[in-house]
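Every read-out reported here was derived from the displayed coordinates using simple, explicitly stated rules and does not represent laboratory data. Predicted, not measured: the structure shown is a model, and the values here were computed from it. Cβ atoms come from the backbone with ideal geometry, glycine included; neighbour counts cover every protein chain shown.
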Amino acid sequence: MRAAGRMSGRAVAALVVGCLAGVAGCGSPDADESGEREARADRAQAVAEAWEGSAAAEAWRTGYHPVEVAVRPPRGGLRGAADERAYQERHFALRGRLPAKRPADGTVRWGEGDSLERPVQGPAESYQALVARGGGEGAPLTVTGVERGEMRLATTRGPATVPAWLFRLEGYDAPLSWAAVTPSPLPRSPVARTGGAPQVDRIVATSRDGRAVTVIAWHGACDDGAVVEALESRGSVVLSGSVKGQKPGNCTKQAIEQRVTVKLERPVGERVLLDAHTGQPLPYAGPRGPRAR
């Protein structure tokens, strides 16, 4: 898709029709499909143009924004199905106490000599983030201590070396690694959000080649699921959400999560992934890393 100017007819046609008034329900199958499609296309174009060369785009480009999970299992992997299950369920037990004091800021380093200072979680805070909303019925993985270290992590600016806490696990020679540095805040959008509820919520995965992005999208109980389309430009990828197969009549008010994988014409690279509805960057929300501050 073109980086500047109005969208091509091919790009407009790619934005599939759906009810944008909210995920719980609405509209009739006789709605003006061409009008809905054109409105979504215009909105995606407006968001892309507003971000191009903006202060928000510069803040995003120079920030620290991870795009993969903050935790790594011990080198060599986990032993057996029980430990694998405990790891996936975030089922841990702590033997002893961890230091609660927050350390000084840490340095995120990229390959070309670029670096950035960011706040670092303390080990106790990191452990709480690791086990948040976790737990299981089987035997837990037991944490016996911690030391400070580093790990490699994929970011929007490429691979980075980041401060980490290395948690020692009972029965393992290698530690579990947790990226402790906090991401940069998401910049404020240069374009106002539209009305209604957003239908694309967060990023959960990016393919190894960068040509596919998996997001969580919302849809209602009276449709056939969510659709997410991309408008690609030089500096951004704008994702527009809609629903397909909208049923007429009354509908119960409920929002259903759905994973949707969006294929791109070229790798994401350092381009910012934007939600067409809010005009803001979509956060990466894999398993529970430190929150932006």
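Just a few scattered comments:
- When the Gaussian network model of the chain links Cα atoms closer than 10 Å, the mean-square fluctuations of 221, 179, 164 top out at 221.
- Dipole axis of the chain (+1 Lys, Arg; -1 Asp, Glu on Cβ), positive-most option in 67, 249, 164: 164
- Taking the chain and dividing mean pair separation by its residue count, relative contact order in percent (alpha carbons under 8 Å, at least six apart): 26 percent
- Selection from 280, 132, 120, by position along the positive dipole direction of the chain (Cβ): 120
- Expressed per residue, the C-alpha convex hull volume of region 71-179 stands at 110 Å³.
- Normalised contact order of region 71-179, rounded percent, pairs of Cα under 8 Å and 6 or more residues apart: 32 percent
- Positive-pole candidate from 231, 264, 149, dipole of the chain, charges at beta carbon: 149
- Built amide H within the under 5 Å cut-off of residue 64, gap 5+: 184
- Computed about its Cα centre, the charge dipole of the chain is approximately 680 debye, with only Lys, Arg, Asp and Glu carrying charge at their Cβ.
- Considering only 244, 253, 263, the Gaussian network model of the chain with Cα springs below 10 Å gives its largest mean-square fluctuation to 253.
- Dividing the helix sum by the residues of the chain, where each DSSP H run of 4 or more adds -39500 (n - 2.57), gives a mean residue ellipticity at 222 nm of -5000 deg cm²/dmol.
- Working note: Karplus 6.51/-1.76/1.60 with θ = phi - 60° gives region 194-210 the couplings 8, x, x, 9, x, 10, 10, 9, 6, 8, 10, 6, 10, 5, 4, 8, x Hz, where Gly and Pro are set to x.
- Given +1 at the Cβ of Lys and Arg, -1 at the Cβ of Asp and Glu and no other charges, the dipole of region 71-179 around its Cα centre is 140 debye to the nearest 20.
- For region 228-254 versus region 48-87, the gap between their alpha-carbon centres in whole angstrom: 24 Å
- Summed side-chain charge close to residue 202 - residues other than residue 202 whose Cβ falls under 11 Å, Lys, Arg +1, Asp, Glu -1: -2
- Most mobile of 118, 97, 40 in a GNM of the chain (Cα contacts under 10 Å): 97
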